[in-house]
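The values are calculated or read from the model by the stated rules, or taken from the named source; none is laboratory data. Values in this document were obtained by computation on a predicted structure and should not be read as measured data. Quick reminder, even Gly has a Cβ in these numbers, built from the backbone with ideal geometry, and neighbours come from all protein chains shown.
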Amino acid sequence: MKGVERMKKSNLITGFIYLIAGVILLLIAIFTNTKLDSLLCGFAGVGIGPGLMIIFKYFYWNKPENKKRYQEKSEKEAIELHDELNIKLRDKSGQSIVYRSTIDCPDYFYIRKITRKMLDTFSQLLPLFSCRPWQPK
């Protein structure tokens, strides 16, 4: 290897793009009056927070006193990424996630169906409710 590795410039550009997108969404949320204001504020936070963190990390790891540590960290990450045991563990965890999602998904729909039948049955018995339970469109 030649010299000490620096953090990529593309990380800094990505951080600025996130930051700018977040600020634009925040300005839109502030200066418009729509139902989407809370959603836009949330997306603004999602852009501004990680954007600032990426920019901070770029300048932190490019300081002269941290360059050696960044080199060691990136070498360690490269070794862990290509380690055979870690690859097998990632594959196994991915398989278990897919397996669990195929088993849990039908349970969710069955419970939802039972809950809806209960609400339909009991809403007719209660005089306090003048409207039917919420139904998705």
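Here are the numbers for this structure:
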| quantity | calculated |
| --- | --- |
| All positions within region 42-64 that are surrounded by 16 or more Cβ atoms within 10 Å (Cβ to Cβ) and either without any contact (Cβ under 8 Å) to a residue 24 or more places away in the chain or charged (D, E, K, R) (or both) | F43, A44 |
| Cross-chain or 6+ apart pairs with Cβ under 9 Å, region 1-26 first and over 16 Å from M53 (Cβ atoms) and in the same structural domain as D37 (by TED's automatic domain parsing), then at pLDDT below 95 and in a loop (DSSP other than H, G, I, E, B) | R6/N62 |
| Condition met for Y99 (hydroxyl-bearing (S, T, Y), in a helix (DSSP H, G or I), surrounded by 10 or more Cβ atoms within 10 Å (Cβ to Cβ) and at pLDDT 75 or above) | no |
| Boolean, K67 is at pLDDT 70 or above, surrounded by 11 or more Cβ atoms within 10 Å (Cβ to Cβ) and in contact with a Lys or Arg (Cβ under 9 Å, 6 or more places away or on another chain) | yes |
| Complete set of residues in region 1-12 that are surrounded by fewer than 16 Cβ atoms within 10 Å (Cβ to Cβ) and over 20 Å from the mean Cα position of the chain (by Cα) | M1, K2, G3, V4, R6, K8, K9, S10 |
| Some residue of region 20-41 being assigned to a loop (DSSP other than H, G, I, E, B) and among the aliphatic types (A, V, I, L, M) | yes |
